[in-house]
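Heads up, the thing below is written out as structure tokens.
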Amino acid sequence: MRDLVLTYRQIGYERRSFFRNPAAAGFTFIFPVMFLVIFGVLYGDQTYDGPSGPVKAIQYQMAQILVFSVVGTTFVSLVTTLAIRRDTGELKRKRGTPVSPAVILGGVVGNGVLLSLLMSALVIALSLVLFGAEIYPERLPVLLLTIIVGALAFCALGATVAAFVPNGDAAPAFANLTIFPLYFLSGVFIPDIPDTFKDIAGLLPLRPFLLALAKAFDPAAAAGPDWGNLAVVAAWGLVASLLAIRYFRWTPRR
Amino acid sequence: MSPAAPVIEVRGLRKRFGGFEAVRGLDLTVERGEVLAILGPNGAGKTTTVEILEGYLERDAGEVSVLGHDPSGAPRALRRRIGIVLQEAGIDRFLTCREVLQQHANFYAAPRDPDELLELVGLTEKAGERVKRLSGGQQRRLDLALGMVGNPELIFLDEPTTGFDPQARRQAWDIVSKLAEGGTTILLTTHYLDEAQALADRVVVFSAGQVVESGTPDELANRTGLTRISFSLAGGATPPNVDGLLRDGDHFTLQTPRPTAVLHELTAWAVGAGLELGELAVARPSLEDTYLSLIDHETELAAAEAAGA
């Protein structure tokens, strides 16, 4: 119980710290918005044939940008933040106090999930206003669930990769090197990918997350959650959590 | 644990990093309420030993007890009772001083009041300032406050004043002295002999992973038993031939175990010759003399060992 209160407070400190760093916060928010605008302007008016008539491309693009937003505020953010804090000794200092490691990581993860939700709301709102996207109110709980499961899983994956980053300077390279191949393989930037890619990417965490989100925006899809794809995302999150617990380091390499 | 039991007890401690044995069979005892300073050159094993005591590093061999706990794996029960001021430790730079202190206070069951601590370390005016706007010295004082916020029985200070200007060093010493008066046991590593002299009840000198000397600062200072006498003579006068007298232009120095006799001889000669001994100074033996002679001796031994091997 006490640890829950502490985690809640830690999330508060993380949030404050994040928003007081305008350069970092701005970049986190502007990047996905920029992609949304570029994609929307280039392809937003195009339509593809759904089972019950033409569907605007923005419906799928929303899912693409949401994946990009969530991964940015969770995975990329955790890899760099944790590696840099390990380098500066901030993690080492906290490890010397009686606080539970779960509280410290919980603060970072909680902040990542909250930022993901905030980013998602922004992206969806802009899609509605700028590009005439449609959302279905009865599916909002499913959308919320999907974003939270994805955000948690990509936090866990970020903590795992951070465990293997040698130092803070190398962190952005590690984050990009692991996530960009996944973006392309999963059809996040270019939806038209070969079937082989789809098969492989379907077993990795990113594409199932994309598909589960896309389903929530697809007018022709059934209303319920995409349990199959969500299960794949959750499974990756679980495995990553175990790896992170096993390999996470609090002190810099000597 | 009885109140008389030592706060820290180390027997036969060993730690190896690859091919380098940083700590080689080290013994150490720290009594309750004591301020112990560990002196030693870089690579003597100071930080390695302290990090084993703090629970950051695992030892290879030896027995270690800190407040009755084995620090291996940094048990939470131990972390509740100690405070650690690391040589280098980052802080969230976008939080304010008070926020950081409050955040760490939250981690303890009975913490000290953050505002009271800010006052103690002289940062009251900076309470609402973000950490990134503090000077290096101010950040170090915040480090000290963070080490104290859990109201620890034992506090580790790893080179707490490195890089301080003289005034900031005095302030830090005052803080540590107040802490010691309150009964906190303090384990301090330092490069500065004056710091050890000012703060420590007892000094141990590390060299090559072992304790080579131990005692109160005065005991150690007197260990060479030599008093330093220095003076200058104008006009190229030549003083009587006293054992060990070194000449550098008009300046003369010597170290002697018989300062009274030597001074008598020199002053009698000067008065007789109608000369004045300029800049005459008689300095009691310093910790520095002992320390440097110890370290030189150890370095020679190591060199001889290396040459023999």
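The values are calculated or read from the model by the stated rules, or taken from the named source; none is laboratory data. Just so it is clear, the structure is predicted and the values come from calculations on it, not from any experiment. With ideal geometry, Cβ positions are generated from the backbone for all residues, glycine too; neighbour counts draw on all protein chains shown. Each accessible area value is taken on the protein alone, full model and side chains, heavy atoms only, with ligands, DNA and RNA left out. Shrake-Rupley method; radii C 1.70, N 1.55, O 1.52, S 1.80 Å.
Report, in debye and to the nearest 20, how large the dipole of chain B comes out about its Cα centre when Lys and Arg carry +1 and Asp and Glu carry -1 on their Cβ.
Working: 30 positive and 45 negative charges, 169 e Å.
Value, rounded to 20: 820 debye.
Counting pairs of Cα atoms in chain A, how many percent are more than 33 Å apart? Can you show the working numbers first?
Details: 6218 of 32131 pairs.
Of all Cα-Cα distances in chain A, 19 percent exceed 33 Å.
Averaged over B:90-98, how many beta carbons belonging to a partner chain fall within 10 Å of each residue's beta carbon?
Details: counts 12, 5, 9, 5, 8, 5, 2, 0, 0.
Average per residue, whole number: 5.
Could you give the distance between the Cα centres of the range B:38-82 and the range B:239-309, to the whole Å?
Computed from Cα coordinates, the inter-centre distance equals 40 Å.
Does the range A:173-244 come out rounded, prolate or oblate by the C-alpha gyration tensor, with a ≥ b ≥ c the root eigenvalues, rounded set by a/c under 1.5 and, if not, prolate when a/b is larger than b/c and oblate if not?
Details: a/c = 2.11, a/b = 1.22, b/c = 1.72.
Oblate, because a/c is 1.5 or more while a/b does not exceed b/c.
In terms of modelled amide H atoms, which long-range or inter-chain residues lie less than 5 Å from the amide H of B:V211?
Long-range HN contacts for B:V211: B:D27.
Using θ = phi - 60° and the Karplus relation 6.51 cos²θ - 1.76 cosθ + 1.60, list the HN-Hα couplings for the range B:282-294 in order, rounded to whole Hz, with x at every Gly or Pro.
Along the range B:282-294, the couplings run 10, 10, 6, x, 10, 4, 4, 4, 5, 4, 5, 5, 5 Hz.
Apply the Karplus curve 6.51 cos²θ - 1.76 cosθ + 1.60, θ = phi - 60°, to the phi angles in the range A:173-187 and return the couplings in whole Hz, x for Gly and Pro.
4, 4, 5, 5, 5, 8, 8, 5, x, 5, 4, 6, 4, 8, x
Just in the range B:189-227: which GluC sites (Glu not before Pro) are loop by DSSP and have at most 16 other Cβ atoms within 10 Å? Could you put the intermediate results ahead of the total?
Numbers: sites: B:E195, B:E213, B:E219; in loops: none.
Passing sites in the range B:189-227 do not exist.
Kindly rank B:144-155, B:265-276, B:56-67 from highest to lowest mean number of other beta carbons found within 10 Å of each residue. Please list the in-between numbers first.
Details: B:144-155: 23.0, B:265-276: 13.2, B:56-67: 17.7.
The most tightly packed comes first, giving B:144-155, B:56-67, B:265-276.
Within straight cross-link reach of B:K132, meaning Cα distance under 21 Å, which lysines are found once same-chain residues fewer than 8 apart are removed?
Cα-Cα hits under 21 Å: A:K92, A:K94.
Could you compute how much accessible surface B:R284 exposes when probed at 1.4 Å, giving the result in Å² to the nearest 10?
150 Å²
Give me a comma-separated list of calculated 3J(HN,Hα) values for the range B:125-132, in order, Karplus coefficients 6.51, -1.76, 1.60 applied at θ = phi - 60°, integers in Hz, x for any Gly or Pro.
Karplus-based 3J(HN,Hα) across the range B:125-132 equals 5, 9, 3, x, 8, 5, 4, 5 Hz.
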